[in-house]
Structure formats: C-alpha cells, structure tokens
2 protein chains.
Amino acid sequence: MHIEFSRRAQALTSSAIREILKVTERPEVISFAGGLPAPESFPTDALARASVRVFARMAYTALQYGPTEGYAPLREWIAARHGTDPARVVVTTGSQQGLDLLGKVLIDPGSTVLVETPTYLGALQAFSLYEPAFRALPSDDDGPLPAALDESTAGACFLYAQPNFQNPTGRRMPVARRADLVRRAQERGLLIVEDDPYGELAYDGERLPTLRSLNPDGVAYLGSFSKILAPGLRLGYLIAPPALAAKFVQAKQAADLHTPSLTQVLAYESVRDGLLDEQIERVRARYAAQCGAMLDALARHMPAGVQWNRPRGGMFIWLTLPAGLDAGALLAEAVARNVAYVPGAAFYAGPQEANTLRLSFATVPPVRIEQGVAVLAGLFAEALAGVRFV
Amino acid sequence: MHIEFSRRAQALTSSAIREILKVTERPEVISFAGGLPAPESFPTDALARASVRVFARMAYTALQYGPTEGYAPLREWIAARHGTDPARVVVTTGSQQGLDLLGKVLIDPGSTVLVETPTYLGALQAFSLYEPAFRALPSDDDGPLPAALDESTAGACFLYAQPNFQNPTGRRMPVARRADLVRRAQERGLLIVEDDPYGELAYDGERLPTLRSLNPDGVAYLGSFSKILAPGLRLGYLIAPPALAAKFVQAKQAADLHTPSLTQVLAYESVRDGLLDEQIERVRARYAAQCGAMLDALARHMPAGVQWNRPRGGMFIWLTLPAGLDAGALLAEAVARNVAYVPGAAFYAGPQEANTLRLSFATVPPVRIEQGVAVLAGLFAEALAGVRFV
C-alpha cells in the first residue's frame, strides 16, 4: 500500500553522514564524532543504590502515571537550583523534547527562527518539522552578534542559542555579549530559547549568568541531566514564563502524557543529597584533561593553516581547515583510516562552510586522542598537498 | 513580554472537566473517572529484582544514549510476541507518543482523519495539533460500520480505531467486523491506525486477530506496556510497514532522540522470563471481578432508562442516560457527593451525545464500587425526577 506522508515529514531525510558514521561503532575506530558523554563517568553505584530505595519505598509513585508537568519534588529541586518558581518548571523527556515542543507551540509554517552560525543540528531537526524559515545570525567566537537583531529580524518567532560551550563549536558567550543580546531581544519583544546542556561543564567551575537570569520573562531555558548524570534516563527540563510553560504542558500531554515516573523519581533520589555536585566535578576534570590532550595533539600534529578554538568547557573543539578543503568529502578517507569526526556543514542553517568539522574528545582516552589527531593531521596534510581521495 | 503561540497551539485549551476532576484526588472521593490501572497490580517485586540485575550487569546500556528505534532485545521480544519482523518495531515513550508521531508524519492541515463514534480523547488531542478535519464514522456496539468507508471517505489520511475494549466504551470489535473493515480499507488504499492498549485484557483470555494481522502492510499498530506492566515506565511501541516505520523513526529522533534506555532495559529484563503472562492473568482476574461488581451494582441501583454495555475485557463501562440528561452538567453535583466519572461528550469528534458517561472500575475495590454506583444512581434518579442542581 502506498502511504502518503505529510508535507513536514517529506522534508525528513536520512543523512549520508549518518550512514558513514554508523561504521564508527567498530572498536578499532577512534571516534571523535559522537556527542555521547563518557560512560565511565556515570554515577552507576549511586543510581543503583537510589534504585533500591525507589522500589522499596516509592514503587507506586515510580510505576504509576504522574503529572504532565513532572514529579513535584524534582521540579522543586530544579527550581531551587535555578532560583526560580517550580510553577515555571516542566520536566521533559530529554531536552530534545523541549526543542520539539517549543517548536510545536511557537512555530507556524513560514515563521522566522533566528539561529547562531553555526548552530546545533538537533535543534534544526526538531524545528524543521514545523516548517520555519531559518535565518542564521552572523556570529563570531563569542556567539551571535547582538547588532544582528535589528529591523530585519522584527517579527521573528524566537532566537535559539546555546551560550555555554556550544554544540558544535565549543564556544562560550562572554558576560557582556549575553547582556547585550538579552537587552536587544527584550527591547524588540523577541523571545530567546536558551539551550544549556553544557552549562555545568566549565572546567574551572565558573558559571556565567544564564540568559534566563537576565530576563526571566523573555527567555525559555532548556536544561538537561544527560551530560551531568546519564543520558539514558532522557531527562531534561524547561524553565519558562508561566503562560509559555502552561501551553507547553498542554502540548506535552498530547505528546507523551508525561516523562517516565521511574526515571524522574530515580534522578531525584540520586541528586537530592548532593551527588550531582561531586559528579559534576568528576566529569569536569575528565573532560578538561581530554580537551587538554586534544589541544596538545592538535598543536603538535596539525599542518599550518588549520585553525581551532580553545574551549574552556564542554565536549567539543571546532576545526577550520584551509579554504578549499572539504571536511565532508574527506570523512570517508578518515574513516577508512579508522578515525571519525562530524563535518561542519550540517550545522549551518545558512551558507555552509564545508572546511569545518567538529571533534569530540569526551569518550576517547588521551593516548587514543593523540593517535587519532595524528592520523587526521596526516590526512589533512596530504589533502593540502593536493592528494585526491576517491 | 507577549508570546505569540502557533496556530496549532492556540487550539489547545484546558478542559473544564479536567478542572473538576482535579479534586477527585481527595481520598474520600470514589473515582470512576481515572484511566489508571490498579497500582496493586504492578509487579513491583519482579521489577525491583530486574532493576538490581540491570545496574549490576547492564548499567552502561541502561544509562547511555541508545538507538532511536529502541533497545534491540526488547524490539525482538515484541516482534516475536506479534509474529513479525523486529525491523517493523519502534519503541515509543508510551503509546501516546505513537499517536503524536503518526499524526506528525501523516497529517497535513485539513487532512481527513476518520475516527470511531465515540473515540479515544487522547488520540483526538494528539492528532488535533496537526490540524486535521476529523470525520466521525457511524458506529454501533461492534465498532465503526464498514459500509461507512465509501466514496465519501476517499483520500482520507487514515482510520483510527481501538478494536479491543475501546476507551471510552469498553466495546470490542467482533472478528467478522474486523475482517470486513480491513478488507474495505485495503480495497480503498486506506491506512488503519490500530491502537491496542487493552488487547491483553480480555477476561477470558481470548485474543481476537488484530487488524494488523489481517493486513500487515496496511495497518500501523500501537501497543503499550502501560496496562499490563506499569504506566510509569511510559513504554509503548509501533509495528508498521517498513517505509512508515522508517519515517516514524526520523520523526522520533527529532522528538526525543529515543525512549529512555533504563526503562527499556528494565522492562525487557522483567518480561523475558515469562513474567508478563502471569502478570496479565492477575490483572485480568482483578478487572473481571471489579467489572462484575460494577455491572451488578448498576443492575441493582440504576433507575429505569439508564443503559450500559457489558464489556468482556478492559477497564471501562459506558453509560447512556435517558435523553435530556446532561452528564457534564451533573458532574459537579456528583463530585460534591464524592463520586467522579468522565462525561462522554469529549469523546465525540462529531455531534456530542451529552447523555453519555464513562465509568472506570479499574482502581476501585468492589465495596466502594457498590457505594459509588448507588450514589450516582440516586443522583440520576433525582435528575430524572426533575431536580435541578446548580
């Protein structure tokens, strides 16, 4: 039988990149492609102990239907951590669901959605289903340029940004840029969607003010437990102005009724006694070491003309190859040499810069980072020397 | 700041009924309103034991990101139970997510969606966000009339049906009706969405053939663990023709990346050794007894002119009051007398029959069922006698 898909669904396609990257699960491949956190960092013992407590004392709550807004003690814990009212907090099935539901309640076909250059691919995918017109804001190493919010962006649906250790670039928005961006958005009545999965991952522990804290009624904030507890729980949250939170809850009810009770109760029982802060310290230390190892290896091996940033947190480094090299075209050869990365082109809502790529160091031990970077450096040097790969 | 919602979101409203029913959490209220399974039926000990195994042996799998399609052993288990290929199976975050994602990939604004009369409210809510034109098929005690699939329904997006112990009516489609409906849909190239949360809950254990089994390439089947294991896990699944399953997976990736790994691994570890069949027996016996108690109480107490069906499975009985009585208008007075139900009007996509209501016996012990039905019978008798409630 022929099944006719909706117009929005016809736009969904499988990416060639994803097909290439499927092979990177082979153990001999050094993968800088994943956005996965390091599994060694999961607080497995603490979660196991919490799980025993949950089944002994809170089994009915963990196994029964629950409120769409989320498990009340977890919402209160999140609110306290962010200095806000639990009524503004909605627990989501990962922060990806937050992106999907914000798209659902905010985007009409043709609405303008403002994004960074480059921007997070998962957000582009989630929003795309609601058929917006993306507009990529000019951006520099500090994030989007506030001056880009002018008459030409009037009437936009919202601005989507990751101020902390952005995926894919690893860049962080400085305090002055945050203030400037929020002020200009506020003046223009422009909603900001602040996506903050990596906010806790500053290697020196410094937390810059969230955009939300600068204008709580003009920012919808998305947080996540995926990078600081465990992604397999699929737990994130929205903090939003009350009217938006209420509409979001209605949409969530139609989307999955509520996030699993079990994972919410388990996460709350795991973090209530302060586990998370120790856990975050461990994750920061691990990623700082691995980031350092990759920066050292890049400096040692990369040929002249290759540029990269020096992230102060998060999981990613962004590489820019000399103009003329195409990171997407070189990926197959890199994978043939058992090293994987993500070409940068897919992260652009506007014109793609084909000579960029994203490296993740999160799951790779330092000695393998050194080996993998050396292989990539050799490949890029050959490409620069004019070798063609088929 | 003023936030402009999308057109689809503007259609989302809070229901007055839901507000009234919020008070039914008071312990003195006998609630026939919930669609919740009985928490005493949850296999808590088995899940607790499985949870210990999961954290001891499979913690990384349970805590890390996983495939969008779902945990492979769970997909294989589902496929084996339904006699199909795991490639057709996608695990969902509750079957509510299945409804949402099918709407997303199939419904364009204005598309015709065919539904039963009455039909499941949660499906209407999920599909509504994609702005279809609902068309309610004439239906009888056996489900929708196959003859209603004629020239006038050509070009419809799909037919949505719950053949087993439908929510809200509790009715089951007989075998001949299933065959007739599937044949007519197949002749017309009409996709059927078969929603089957209660399929395992026939009190005598009899399973009628699923619509899917009658035409696997023309039916998208939604299954659920909510009523037979525990709803707090939020675990459901789609079984669909390969092209539809593939598109559904793309939409799911944008919606929540994947269903929590932990709940999937836990469910698989709980059911792999045959727990589910024992568990289903226990649930069936409990609901059969409570359904019987409610049918007895209805026969004893209800005034002449009130009609109801005699379900052979599931969680619901459907009442029809004499014409002129409005179950929605009577709800506030019922709740004031500490008994709650769900008025039937919200379950109609077409003209509403205000004199209908849904009673759930799933969470109420027999002695309270008897008390609650007596109170409702008294109220309806007063209403029939012309007493007005304000």
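The values are calculated or read from the model by the stated rules, or taken from the named source; none is laboratory data. The shown structure was predicted, so the numbers you read here are calculated from the model rather than taken from an experiment. Cβ coordinates were reconstructed from backbone atoms using ideal geometry, including for glycine residues, and neighbour counts include every protein chain displayed.
Okay, residues lined up against (1) touching a Leu at 6+ places or on another chain (Cβ under 9 Å); (2) among the polar types (S, T, N, Q); (3) within 14 Å of chain B (Cβ to nearest Cβ):
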{"residue": "A:Leu211", "(1), (2), (3)": "yes, no, yes"}
{"residue": "A:Asp217", "(1), (2), (3)": "no, no, yes"}
{"residue": "A:Leu262", "(1), (2), (3)": "yes, no, yes"}
{"residue": "A:Asp277", "(1), (2), (3)": "no, no, no"}
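Scanning segment B:146-186 for residues being surrounded by fewer than 23 Cβ atoms within 10 Å (Cβ to Cβ), in a helix (DSSP H, G or I) and modelled with pLDDT of 95 or more gives a total of 11. The one condition from (1) assigned by TED's automatic domain parsing to the domain that holds B:Leu124; (2) surrounded by fewer than 21 Cβ atoms within 10 Å (Cβ to Cβ); (3) small (Gly, Ala, Ser); (4) touching a Leu at 6+ places or on another chain (Cβ under 9 Å) that B:Ser51 does not meet is (2). Would you mind finding the one in B:Asp256, B:Asp195 that is within 10 Å of another protein chain (Cβ to nearest Cβ), of a type in the set (Asp, Glu) and surrounded by 23 or more Cβ atoms within 10 Å (Cβ to Cβ)? Among B:Asp256, B:Asp195, only B:Asp256 is within 10 Å of another protein chain (Cβ to nearest Cβ), of a type in the set (Asp, Glu) and surrounded by 23 or more Cβ atoms within 10 Å (Cβ to Cβ).
Touching a Gly at 6+ places or on another chain (Cβ under 8 Å), modelled with pLDDT of 95 or more and surrounded by 24 or more Cβ atoms within 10 Å (Cβ to Cβ): which single residue out of A:Thr119, A:Thr92 fits that description? Criteria check complete, one pass: A:Thr92. Taking the criterion of being within 9 Å of chain B (Cβ to nearest Cβ) and surrounded by fewer than 22 Cβ atoms within 10 Å (Cβ to Cβ), would at least one residue in segment A:63-82 satisfy it? Among the residues of segment A:63-82, at least one is within 9 Å of chain B (Cβ to nearest Cβ) and surrounded by fewer than 22 Cβ atoms within 10 Å (Cβ to Cβ), which makes the answer yes. A:Gly236 satisfies every condition listed in (1) in contact with a helix residue (DSSP H, G or I) (Cβ under 6 Å, 6 or more places away or on another chain); (2) more than 14 Å from every other protein chain (Cβ to nearest Cβ) except (2). Listed by position, the strands (runs of 3 or more DSSP E) contained in segment B:190-291 that have at least 1 residues being without any contact (Cβ under 8 Å) to a residue 60 or more places away in the chain are B:192-195, B:219-224. Only one of the numbered conditions (1) more than 13 Å from chain A (Cβ to nearest Cβ); (2) farther than 20 Å from B:Ala126 by Cβ is not met by B:Tyr221, and that is (2). Taken over segment A:126-136, the criterion of being buried (at least 22 other Cβ atoms within 10 Å of the Cβ) and within 9 Å of chain B (Cβ to nearest Cβ) is satisfied by A:Ala126, A:Phe127, A:Leu129, A:Tyr130.
For segment A:7-29, the count of residues that are within 13 Å of chain B (Cβ to nearest Cβ), buried (at least 23 other Cβ atoms within 10 Å of the Cβ) and in a loop (DSSP other than H, G, I, E, B) is zero.
Can you say whether B:Leu229 is of a type outside the set (Gly, Ala, Ser), within 13 Å of another protein chain (Cβ to nearest Cβ) and over 23 Å from B:Gly155 (Cβ atoms), as far as the supplied structure shows? Yes: the conditions hold for B:Leu229.
Residues that are among the hydrophobic types (A, V, I, L, M, F, W, C), touching a helix residue (DSSP H, G or I) at 6+ places or on another chain (Cβ under 6 Å) and part of a helix (DSSP H, G or I) within segment B:337-375 comprise B:Ala345, B:Ala346, B:Phe347, B:Ile369, B:Val373, B:Ala374, listed in sequence order. Taking B:Leu99 and the conditions (1) within 14 Å of chain A (Cβ to nearest Cβ); (2) at pLDDT below 95, which numbered condition does it fall short on, given that it satisfies the others? Status for B:Leu99: all satisfied but (2).
Within segment B:161-173, being more than 14 Å from chain A (Cβ to nearest Cβ) and within 17 Å of B:Thr210 (Cα to Cα) holds for B:Ala161, B:Gln162, B:Pro163, B:Asn164, B:Phe165, B:Gln166, B:Gly170, B:Arg171, B:Arg172, B:Met173. The set of residues in segment A:251-275 that are farther than 30 Å from B:Leu12 by Cα and in contact with a helix residue (DSSP H, G or I) (Cβ under 8 Å, 6 or more places away or on another chain) comprises A:Leu266, A:Ala267, A:Tyr268, A:Glu269, A:Ser270, A:Val271, A:Arg272, A:Leu275.
Restricting attention to segment B:36-84, the residues being free of Cβ contacts under 8 Å to residues at least 60 places away in the same chain and aromatic (Phe, Trp, Tyr) number 2.
Restricting segment B:332-354 to residues that are surrounded by 22 or more Cβ atoms within 10 Å (Cβ to Cβ) and over 21 Å from the mean Cα position of the chain (by Cα) leaves a set whose member that is farthest from B:Pro163 (Cα to Cα) is B:Ala334.
Scanning segment A:195-217 for residues that are among the hydrophobic types (A, V, I, L, M, F, W, C), out of contact with any Asp or Glu (no Cβ under 7 Å at 6 or more places or on another chain) and farther than 18 Å from A:Asp277 by Cα yields a single hit, A:Leu214.
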